[in-house]
């Protein structure tokens, strides 16, 4: 999600300039990035987003310059088994970006609405390129389709030394943060991409915040503090008739051996990311399944399901 935010920001700075958009549309075997990775290329060579661990970008930029010069899109193929030490092949589609496409994506994400895109990379030249799919519209043949979700919105209740690293990590990941000091200032509604961390370190204030947040059906509400304090708060909330509809994570964070505010923030942000990615949080060393799971790519003819595994190039 972060790279889409970066691409939109760069596009907004360069409106009405000719820009190229590169999209990883297909991968077989191992690859550093999954299909859906994108990179914006500007006429001066500035880029936003990424397609690999740095192995392919220079070649893609050169191709993008040709696309900007000729106006003709290009489908690039890379055999990473021979050149980059990975064990697969990937295809990257480079097009002259349609301003209307990025404008629509920006509008959807600005309003915190999800949207679905189709990047047609095979077929008639007039149909090639990326666009937003309308509700109920079928994905064209020869297209990679991708759902874009709004960035995670992190509500931080309470201040303290771990607030700054929490906001910093969230910014690095492209999340939106809302710092709240009083329960009365908490949002009255929240979407499915909203998480909250309660960390005022004051029993009464934490109680008031949880009383509000636990009824918003959030996928993640983190609470700092020991289990005994958590149990006291939960029992008091239940005695008060509070409906616990959100998922409470207390004590908040992964077990990273965290001690400092920065380490605590990292443990919490990692747990939040895992929850929204529906990931196990286990060490990749111990994972037996493919790292990236399965990606569905629509090509002319039968639908192909292709395994995409992340390995360092």
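Every number here is computed from the coordinates shown, using simple stated rules; none is lab data. Not measured: the values here are computed from a predicted model. Cβ coordinates were reconstructed from backbone atoms using ideal geometry, including for glycine residues, and neighbour counts include every protein chain displayed.
A few comments on the model shown:
- Potential extension, residue 148-residue 9 segment - 0.36 nm per residue separation minus Cα distance: 48.4 nm
- You can think of it this way: the chain between residue 164 and residue 70 has 29.1 nm of extra reach, that is 0.36 nm per residue less the Cα-Cα gap.
- Modelled spin-label separation between residue 256 and residue 59, with each label point placed 7 Å from Cα along the Cα-to-Cβ direction: 3.5 nm.
- Using a simple spin-label model with pseudo-atoms 7 Å out from Cα toward Cβ, residue 188 and residue 77 lie 5.8 nm apart.
- Helix 261-277 vs. the chain, principal-axis angle (Cα, 0 to 90°, nearest 10): 60
- Tilt relative to the chain, helix 227-239 - C-alpha long axis, 0 to 90 degrees, to 10: 80
- Prolate/oblate/rounded label for the range 153-277 (Cα gyration tensor, a/c 1.5): prolate
- Three-way shape call for the range 212-274 based on the alpha-carbon gyration tensor, with the a/c threshold at 1.5: oblate
- The chain: C-alpha gyration tensor shape, a/c 1.5 cut-off, then a/b vs b/c: prolate
- Only Cα pairs under 8 Å and 6+ residues apart enter the sum, and on that basis the relative contact order of the chain stands at 18 percent.
- Order of 162, 66 under a 10 Å beta carbon neighbour criterion, fewest first: 66, 162
- Mean Cα-pair separation over length for the range 2-148, i.e. relative contact order, pairs under 8 Å, 6 or more apart, %: 22
- Nearest-ten-degree value, helix 2-13 long axis tilted from longest Cα axis of the chain: 70
- Computed lengthening from residue 242 to residue 283, 0.36 nm per intervening residue step minus Cα-Cα distance: 11.1 nm
- Counting only DSSP H runs of at least 4 residues, each contributing -39500 (n - 2.57), and dividing by the residue count of the chain, the helix-based mean residue ellipticity at 222 nm comes to -9000 deg cm²/dmol.
- Computed over the range 179-243: relative contact order in percent, which uses C-alpha pairs under 8 Å that are six or more apart: 35
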